[in-house]
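Here the structure comes first, spelled out in structure tokens, and everything after it is commentary.
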Amino acid sequence: MKIPRPLWLCALALLAFAPIAAASATEAQMHIAPCVSAAAACAEWVPLKPGARAMIYRTYPLRSRNVRVTRALIIIHGTLRNADHYFTTATGAAFFAHALVDTIVIAPAIHSSDGDCKDQLAPGEVSWACGGNSWRAGGQAVGDPTLTSFDFVDAILKRLADKSVFPNLKRIVVAGHSAGGQFVSRYEMSNTVGDHLGVPVAYVVANPSSYAWPDPTRVLPVDDGEPAAAIAAWKDDAAHTKFSFGPFNSALAPDFDRWPYGLEDRTSGYASRISDDQLKKQLVGRPTTYLLGQVDTLPLGGFDGSPSAMAQGATRRQRGEAFVSYINGHLGAKARLMIVPECGHNDRCIFTTDAVLPVIFPPPP
């Protein structure tokens, strides 16, 4: 008859195999393949409040522990609200940068069935404001003034900062192109969570049509600020810096300094929660890179030709060059400006260019 082992021997055996089991679990985590298809398999819902949720595409789940993720890229889509396209752009860039394995790529879907926006929404999915102080400027959800589009990204950042899920996360980048660039430029100066996560956050603003200027000053139409100079800027890929600034004649655009073009009249939305001084402090102090296409000098791709936008310059490139020149030269910011050679108003050209890859996938600190 076989004699049973003493209980202490069984316990000892379990203790001996426990490290092996833990190691096997960790090893399994290390071999999770990133999800790179803009399909349901790579989608996830982010709860924002009871009964309200918004969708993202992501390469790794937000709720599953992942020890190999050291970076995160959140990429904001343009005016077409095509998160699927931007997800494949970002995962393609991650492939070129050899960053798919250790980076979680997230593309929020900021959908709207409001006004001219006709997205089909899932049950419980938030519809964001389409026009006016819209989703691209931290506008309110349709029918819910307590929830804004910037709160959506806040929620993603907080999940990424959860050390029980991503214990080795060292850097987060929030990037956007076109209308997404508008979103990121205003989110950078408005958000109240980025400095309190325990993980550094950097911002990348690409080819927006307009900016929230920190005061009523605007670029003067002289030197590099001339409209003719803006149109001819495509001929070279060096940043133009010869700008002059002064008061703007409000008779030309009465709303030129109202949010989201300036700081006045922030009566609703996320940015209304903080003061002008705090907005300016965060605009100046947070690490931000501005990416402008060398040939983004034509009024294409949803170009904002309103008087308030035209007060900032004749083209997207000129507006960006002037804005960065002003905040660096007059407010003491240390923003980085890159003219991306041969790119126009095209997110895939911008984000997959070799010189841009280290900006959106920065090396470990």
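The values are calculated or read from the model by the stated rules, or taken from the named source; none is laboratory data. Owing to the predicted nature of the structure, the values given are computational and were not obtained by experimental measurement. Methodologically, a virtual Cβ is constructed for each residue, glycine included, from the backbone with ideal geometry; neighbour enumeration extends over all protein chains shown. Protein only, heavy atoms only, side chains kept; ligands, DNA and RNA dropped before computing areas. Shrake-Rupley method; radii C 1.70, N 1.55, O 1.52, S 1.80 Å.
Points worth noting:
- When you filter the trypsin sites (Lys or Arg not before Pro) in the range 273-348 for DSSP loop state and at most 14 other Cβ atoms inside 10 Å of their Cβ, you are left with Lys334.
- Residues Met338, Met310, Met189 ordered from highest to lowest accessible area at a 1.4 Å probe: Met310, Met338, Met189.
- 0 to 90° range, to nearest 10: angle between helix 179-190 axis and the chain longest Cα axis: 80
- 0 to 90° range, to nearest 10: angle between helix 316-331 axis and the chain longest Cα axis: 90
- Look at where the Cα atoms of the range 184-216 and of the range 33-66 average out, and the two centres are 23 Å apart.
- For the chain, the longest principal axis of the Cα atoms and the long axis of helix 149-160 meet at an angle of about 30 degrees.
- Global geometry of the range 193-345, whether rounded, prolate or oblate, following the gyration tensor of its Cα atoms and the 1.5 cut on a/c: oblate
- When the Cα gyration tensor is reduced to axis lengths a ≥ b ≥ c, the ratio a/c is 1.5 or higher for the range 281-365, and with a/b not above b/c it is classed as oblate.
- Rounded if a/c under 1.5, otherwise prolate or oblate - the chain, Cα gyration tensor axes: prolate
- Point-to-point label distance, Val222-Phe303, nm (Cα→Cβ direction, 7 Å offset): 2.6
- Taking 7 Å steps out from each Cα toward its Cβ at Arg68 and Lys242 produces label points 5.3 nm apart.
- Rg of the Cα atoms in the range 173-255, relative to 2.2 N^0.38 Å, amounts to 1.35.
- Whole-angstrom gap from the range 344-363 to the range 136-161, using each part's C-alpha centre: 26
- Beyond 28 Å in Cα-Cα separation lie the following of the pairs Lys118/Lys163; Lys118/Lys334; Lys235/Lys334; Lys170/Lys242; Lys49/Lys118; Lys170/Lys281: Lys118/Lys163; Lys118/Lys334; Lys170/Lys242.
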